[in-house]
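Structure first, commentary second.
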Amino acid sequence: GIGGDYPLSATIMSEYANKKTRGAFIAAVFAMQGFGILAGGIVTLIISAAFRAGYPAPAYKDDHFNSTVPQSDFVWRIILMLGALPALLTYYWRMKMPETARYTALVAKNAKQAAADMSKVLHTEIVDEQEKLDQMVTAESNTFGLFSSEFARRHGLHLVGTATTWFLLDIAFYSQNLFQKDIFTAINWIPKANTMSALEEVFRISRAQTLIALCGTVPGYWFTVALIDVVGRFAIQLLGFFMMTVFMLGLAIPYHHWTTAGNHIGFVVMYGFTFFFANFGPNSTTFIVPAEIFPARLRSTCHGISAASGKAGAIIGAFGFLYAAQNQDKSKADAGYPAGIGVRNSLFVLAGCNMLGFVLTFLVPESKGKSLEEMSGEADDAEEEAVGARAVRPSETQMV
């Protein structure tokens, strides 16, 4: 489903892009997520504002029953249904896309079809070279499987690196995303839930999340697009993990200061920077690198394993933070939840996850400026032409 689109989008873009700008192209694909987050916030703002104006309601503490008007049930349904529109567009465009030339040539072993597909994309005549392709795909170094000792020797640590860094990132990233409202409430940027009606609460939460997306999330993505082929994936990931650690410690250590009246703006600014450096950092690079460093026949599989590891981290972040962030005094915890370690200590734990991600980044190689075949070992290190170019050779417009 949608989850499978992660490895597909990254792999498709990596196999069509030029090696000099490949990072920016893959990052641009991922950066559209930022506009999706922003669009989701804006849609929620518009709909909740319209219903709030049309159906005013008292605060929950004043009237439990009437604080949630019957019409508010339409709000979440409309927001959710509108999400089907981009999914339908994606489905249509996916149906129109051919397989990449590398897949068709190296996995399906059909150089003629690969040449035809690339001709359509590049709008130039491409000649297939089946003999060179056959020599390449039958070479012993290009026939090992995912569970072979050869894969473990060549790419085992790489896969451990891409999977664990994505896992650790998503513990912190999803904790931040899913529980923004709880953090904003804890520092008194958003009023307590019982002081608002249901529609008022939806409006205020979406406004806060949209502001964070606009000022932190979206700029972070596009800084990555602009700089990834200049400074490299490795440096951006290290910087991102390090700065996320710094800003989370900056939130956690003086946490009492941030919760006092008049100081929440400073907290929001620092919190926004953690989103900025997540996206100008590991949230982007963990998506990009697995699509560049593994062999073509295993590329989307290894990317999928890395992405699935990330979602395992997301589950831990979602459930873990929900319980961990509860007040240490059980009488002050949310109804139905046991006492936790509190928001402050939870931020310390997330900072530790980021620091561990920083360390494990050293398992991941730098792929800036290198062909996919050079990174995966499918071609000799001294050979700059990609297998796809050898099997389906365009003119000077070939993609390496």
A careful count of residues in the stretch 13-24 that are within 9 Å of Ala291 (Cα to Cα) and crowded, with 22+ Cβ neighbours inside 10 Å gives 2
Just to be sure, is Tyr337 of a type in the set (Ser, Thr, Tyr) and surrounded by fewer than 16 Cβ atoms within 10 Å (Cβ to Cβ)?
yes
Test Thr210 against the stated conditions and say whether it is open to solvent by less than 20 Å² (accessible area, probe 1.4 Å) and in contact with a Ser or Thr (Cβ under 6 Å, 6 or more places away or on another chain). no
Of the residues in the stretch 260-274 that are farther than 16 Å from Leu168 by Cβ and under 22 Å from the mean Cα position of the chain (by Cα), the one that is modelled with the highest pLDDT is Phe273
Of the residues in the stretch 42-63, those that are surrounded by 20 or more Cβ atoms within 10 Å (Cβ to Cβ) and out of contact with any Leu (no Cβ under 8 Å at 6 or more places or on another chain) number 3
For the stretch 223-262 the number of residues that are in contact with a helix residue (DSSP H, G or I) (Cβ under 6 Å, 6 or more places away or on another chain) and touching a residue at least 24 places away in the same chain (Cβ under 8 Å) is 21
Screening Pro290, Pro282 for residues that are touching a Gly at 6+ places or on another chain (Cβ under 7 Å) and in contact (Cβ under 8 Å) with a residue 40 or more places away in the chain leaves only Pro282
*Has the stretch 213-226 got any residue that is farther than 30 Å from Gly54 by Cβ, more than 21 Å from the chain's Cα centre (by Cα), open to solvent by less than 20 Å² (accessible area, probe 1.4 Å) and of a type outside the set (Phe, Trp, Tyr)?*
no
The helices (runs of 4 or more DSSP H) lying wholly within the stretch 234-298 that contain at least 1 residues that are over 23 Å from Thr165 (Cα atoms) are 255-259, 264-279
Filtering helices (runs of 4 or more DSSP H) wholly in the stretch 20-99 for at least 3 residues that are modelled with pLDDT of 90 or more gives 22-54, 73-82
Within the stretch 319-334, restricting to residues that are polar (S, T, N, Q) and open to solvent by 70 Å² or more (accessible area, probe 1.4 Å), the one that is nearest to Phe184 (Cα to Cα) is Gln328
Sole miss for Ser148 among (1) more than 21 Å from Ser284 (Cα to Cα); (2) surrounded by 14 or more Cβ atoms within 10 Å (Cβ to Cβ); (3) modelled with pLDDT of 85 or more is condition (2)
With the structure loaded, tell me whether Arg77 is among the basic types (Lys, Arg), crowded, with 20+ Cβ neighbours inside 10 Å and either closer than 22 Å to Gly220 by Cα or within 30 Å of the chain's Cα centre (by Cα) (or both) or whether it fails that test.
no
Given the conditions (1) open to solvent by 70 Å² or more (accessible area, probe 1.4 Å); (2) free of Cβ contacts under 8 Å to residues at least 60 places away in the same chain, every one holds for Leu356 apart from (2)
If we keep only residues of the stretch 249-259 that are more than 28 Å from the chain's Cα centre (by Cα) and open to solvent by 50 Å² or more (accessible area, probe 1.4 Å), then the residue nearest to Ala325 (Cα to Cα) is His256
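The values are calculated or read from the model by the stated rules, or taken from the named source; none is laboratory data. Predicted model only: the values in this text are computed from it and were never measured. Because the Cβ atoms are built from the backbone with ideal geometry, glycine has one as well, and the counts that use them run over all protein chains shown. Just the protein is used for accessible areas: all its heavy atoms, side chains included, with ligands, DNA and RNA removed. Shrake-Rupley method; radii C 1.70, N 1.55, O 1.52, S 1.80 Å.
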